[in-house]
1. So, of the residues in the range 80-101 that are polar (S, T, N, Q) and more than 16 Å from Ser143 (Cβ to Cβ), which turns out to be nearest to the chain's Cα centre (by Cα)?
2. Return the residue satisfying two criteria in turn: it lies in the range 165-177 and is free of Cβ contacts under 8 Å to residues at least 24 places away in the same chain and out of contact with any Pro (no Cβ under 9 Å at 6 or more places or on another chain), and of such residues it is surrounded by the most Cβ atoms within 10 Å (Cβ to Cβ).
3. Tell me which helices (runs of 4 or more DSSP H) are completely within the range 212-292 and hold 2 or more residues being more than 25 Å from Pro187 (Cα to Cα), or say none if there are none.
4. How many residues does the range 102-125 hold that are without any contact (Cβ under 8 Å) to a residue 40 or more places away in the chain and either in a helix (DSSP H, G or I) or under 15 Å from the mean Cα position of the chain (by Cα) (or both)?
5. Evaluate the following for Gly84: is it touching a Lys or Arg at 6+ places or on another chain (Cβ under 7 Å), assigned to a loop (DSSP other than H, G, I, E, B) and either aromatic (Phe, Trp, Tyr) or buried (at least 19 other Cβ atoms within 10 Å of the Cβ) (or both)?
6. Return the residues of the range 147-157 that are part of a helix (DSSP H, G or I) and either among the polar types (S, T, N, Q) or exposed (fewer than 15 other Cβ atoms within 10 Å of the Cβ) (or both); say none if nothing qualifies.
7. Could you tell me whether Leu236 is of a type outside the set (Val, Ile, Thr), buried (at least 24 other Cβ atoms within 10 Å of the Cβ), farther than 24 Å from Ser82 by Cβ and modelled with pLDDT of 95 or more?
8. Scan (1) without any contact (Cβ under 8 Å) to a residue 40 or more places away in the chain; (2) touching a strand residue (DSSP E or B) at 6+ places or on another chain (Cβ under 8 Å); (3) polar (S, T, N, Q) for the single condition Ser133 breaks and write down its number.
Amino acid sequence: MTSHSTPAAVPPHHSRAHRLRTSRGEFAVVDVPPAAGAEEKGVALLLPGFTGSKEDFALVHGPLAARGYRSVAVDGRGQHESDGPADDETAYAQAELARDVLAQAAALGGSVHLVGHSLGGQIARAAVLLDHSPFRSLTLVSSGPGRISVSQEQRVKLLRDALAVMSMAECWEAILAMGPPEEVGGPARGIGDREQLRRRWLGTAPAQLLATGRQLCAEPDRVAELAAVPLPFHVLSGAHDDTWPVADLDEMAVRLKAHRTVVDGAGHSPTVDAPAPTARALADFWDGLRRGGQ
């Protein structure tokens, strides 16, 4: 569930789009080092949400670089520019996607700050529960304790039903026919113009959408399990969210003893809706861990 359509973001001039080689294959990334002259403070691995992509983080790379953080946004397996089977849903089981994240962290040298948006947050949580050792912290962005809201479940089911009988191109046309992107939401909303968003949609494997859509509708509450992991946690969201109620995110933060950020003026995609305060909140959290010796 990405956010509203915006003009294409110009990545920082020192960013690098490449394929990150890992023990589980190659993944398309946008990799932005710390800004020239900034103290190098650490590395962040950024995971996008359902129907999203690495481009959803385009507007936070620059501010994070200025604060001394290298940020690496990744397309997951079968997502946009990362390869994945078109029809084999088993490749997208949550445990498989979690192992991909562990491999990505290892390829970056470990000791990374992990950030997951929405579906990406639940995959990040699964990775941390498998092995927390490659991570310095976990930030869950607009990603709740369990399954998505009933209204969003209905939207995901509608998409799954459409994919069962239509091609990706036909689905795209049907999505656009439903109304303006800011009202329809989903894959028609995000950073970039209409053609960029269309290419992102067409580049994503149908099996990835089917498998991860099912996960969103069935994810159990694993907060107690996560709370037992010895990592610093951060729960960040917009001031309103129709995928998980903000009150549920507040409660999850309490259960995790997590740092909590609510970004004014943002909805389900704070990195798109309000990138400057979102990047500032991320860097402030990580800086605080440095001051605390973590």
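The values are calculated or read from the model by the stated rules, or taken from the named source; none is laboratory data. Please read all numbers here as calculations on a predicted model, not as lab measurements. Backbone-built Cβ (ideal geometry, glycine too); neighbour counts: all protein chains shown.
1. Across the range 80-101, the extreme among qualifying residues is Ser82.
2. Leu176
3. 223-227, 246-256, 275-291
4. Count: 1.
5. So Gly84 fits the description; yes.
6. Once the filter is applied, which keeps residues that are part of a helix (DSSP H, G or I) and either among the polar types (S, T, N, Q) or exposed (fewer than 15 other Cβ atoms within 10 Å of the Cβ) (or both), the range 147-157 yields Val150, Ser151, Gln152, Gln154, Lys157.
7. yes
8. (2)
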